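Working notes, beginning with the structure itself.
The values are calculated or read from the model by the stated rules, or taken from the named source; none is laboratory data. What you see is a predicted model, and the numbers here were worked out from it, not measured in a lab. All Cβ positions, glycine included, derive from the backbone under ideal geometry; neighbour counts span all protein chains shown. Heads up: the accessible areas ignore ligands, DNA and RNA and are worked out on the full protein's heavy atoms, side chains in. Shrake-Rupley method; radii C 1.70, N 1.55, O 1.52, S 1.80 Å.
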Amino acid sequence: MAAGQALAIKTISCKPFPQLEFETRVERARRLMEQYSFDALLVTSEYNLRYFVGEASSTPIQTTRPRFLLIPMSGDVVGLVPRGVDDFWRDTTWVKTCRSWPSPNPQDEGVSTLVKTFEDLLPKAAKIGIELGTESRIGFPAGDFLRLLDAAKPKTFADASDPIFTPLRMVKSPIELDRIRTVCDITSEAFENLPAKLRPGMTEREACRIFEHEAFVRGIEKTTKVQGVSGHGGYPRYYGVPSDRVLSDGDILFIDAGFLFDYYYCDFDRHFSFGDPDPNTQAAYRTVWDATEAGIAAVKPGIPISDVWTAMSSSLNASKAEIKPTTVGRMGHSMGLWMPEPPSIHPEDKTVLVPGMILNIEPGATYASYFDGSPKIMLHEEVVVVTEAGAELLTRRASQTLPTIR
């Protein structure tokens, strides 16, 4: 790069969520709190704090100086945060009522502040909801939680993830969908421009770093996951950190990306063939592509999500190619402020689809290598949003044939 030449990086502007968005989320939470007999919610995990507060913290997971939000059945929500963070919240978020303590303080990292706040604001035997359920985590040390359980008696804690947090975040608002559309579109464009930048002799790491660069210059804000796996005549697994393995003719490169825009995720994959793909890989690619089509076509409001799994499974089993569905269990999931999020596209998951839900359609299959008969995997993934009419594709659909690097 010449001296003084600026790197062309696109920055996409987005308006902050309006206060009404957060107030609406709190009111929806309170309706569920009443339904399930909770007196308050204690919000602790980073993604749930972002959902209710909109905090633009640069740290994705807080390991010190934990932050809490108390949502009582009525009255103001209360931020319970380390000193200094309270000013940040008042200045930059809609939450203006805060209580704080000097931090870090490993001997009492907010526990006594929580207990005093509960005594001041909640009934004596209040039932407090916290993140204990499916695919959830509490955002402060387990030891502090145990101390809180004892110090807060006779108040009790119960799981609020399954009855409250998950159903709330499962259905995205229009402004949330705009974020997800943006990140999916940027990543799709980066994938589409990648073949021209790849060449035999590169390593998996080099290819994936080029892909990340393509995404960054187009407006991606964070890259949280780039899995890159390759192999001769197909790849052996779909989890893997990119390695220094050199890519050459006959190789298939699989890249699975998880990127962020304004803290909202995308997650989908693409494939690249170095030289003409072998017949077995071509057949597996098209078979799983067709199963993806079947999954997208099956998406309709009012049906259980298990029907989407059945549509993909039936498509894979009907194929005349020598492939078998993977034994992973599910064939997709949801996403939003976290990735993945419930529900799962699984034969036992009976979650009913409603407009505004995000689905990552993700069928997979195994097949034998054309060269040595070793087991290979083929996995496709696209992102859709459930609409009144069915499914709206948020990613740019993968080509029906493998992109070829010559």
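Couple of notes before you dig in:
- Mean separation of Cα contacts under 8 Å (6+ apart) over length of segment 79-189, as relative contact order %: 20 percent
- Rounded to 10°, Cα long-axis angle of helix 279-298 versus longest principal axis of the chain: 40 degrees
- Accessible surface calculations at 1.4 Å, restricted to protein heavy atoms, place segment 310-406 at 43 Å² per residue.
- Accessible-area rank, largest first, for Trp289, Trp338: Trp338, Trp289, with all protein chains present and a 1.4 angstrom probe.
- Accessible area of segment 216-279 belonging to carbon and sulfur atoms, whole % at 1.4 Å probe: 54 percent
- Computed over the chain: relative contact order in percent, which uses C-alpha pairs under 8 Å that are six or more apart: 14 percent
- The GNM of the chain, with springs linking C-alpha atoms under 10 angstrom apart, assigns the highest mean-square fluctuation among Arg199, Arg147, Arg396 to Arg147.
- Legend: distances between Cα atoms for Lys172/Lys376; Lys127/Lys172; Lys15/Lys96; Lys96/Lys300; pairs beyond 32 Å are Lys172/Lys376; Lys96/Lys300.
- Protein accessible area in segment 17-172, 1.4 Å probe - carbon and sulfur %: 54 percent
- Maximal additional length on extending the Val328-Arg205 stretch stands at 41.7 nm, based on 0.36 nm per residue less the C-alpha distance.
- Cut-off 14 Å between beta-carbons: net charge of the residues surrounding Asp256, Lys and Arg +1, Asp and Glu -1: -4
- Crossing angle, helix 174-193 versus the chain [Cα axis fit, 0-90 degrees, rounded to tens]: 30 degrees
- Furthest towards positive pole of dipole, Val171, Cys184, Ile220, structure part segment 164-238, Cβ charges: Val171
- Each of Ala126, Ala8, Ser45 was placed along the dipole of the chain (beta-carbon charges, centred on the mean Cα), and the one lying farthest toward the positive end is Ala126.
- Heavy atoms of Glu27: accessible area, 1.4 Å probe, square angstrom to 10: 90 Å²
- Computed from point charges on the beta carbon alone (+1 for Lys and Arg, -1 for Asp and Glu), the dipole magnitude for the chain about its Cα centre is near 420 Debye.
- On the beta carbon distance between Ala318 and Lys225, with R0 = 41 Å, the FRET formula returns roughly 0.80.
- Estimated FRET transfer efficiency when R0 is 25 angstrom, pair Ser112-Ser74 (beta carbons, to 0.05): 0.55
- With helices as the sole contributors, the chain gives -10000 deg cm²/dmol at 222 nm; each DSSP H run of n ≥ 4 counts as -39500 (n - 2.57), and the sum is divided by every residue.
- Values (1) 1.09; (2) 1.27; (3) 1.02 are given for comparison; Cα Rg over 2.2 N^0.38 Å, derived from the coordinates here, is the one labelled (1).
- Ranked by solvent-accessible area (1.4 Å probe, protein heavy atoms only, all chains present), the residues Glu176, Glu23, Glu362 order from largest to smallest as Glu23, Glu362, Glu176.
- Efficiency of FRET from Cβ geometry, Ala196 and Glu27, R₀ 51 Å, rounded to 0.05: 0.55
- Point-charge dipole on Cβ atoms (K/R +1, D/E -1) for segment 260-299, about Cα centre, debye to 20: 60 debye
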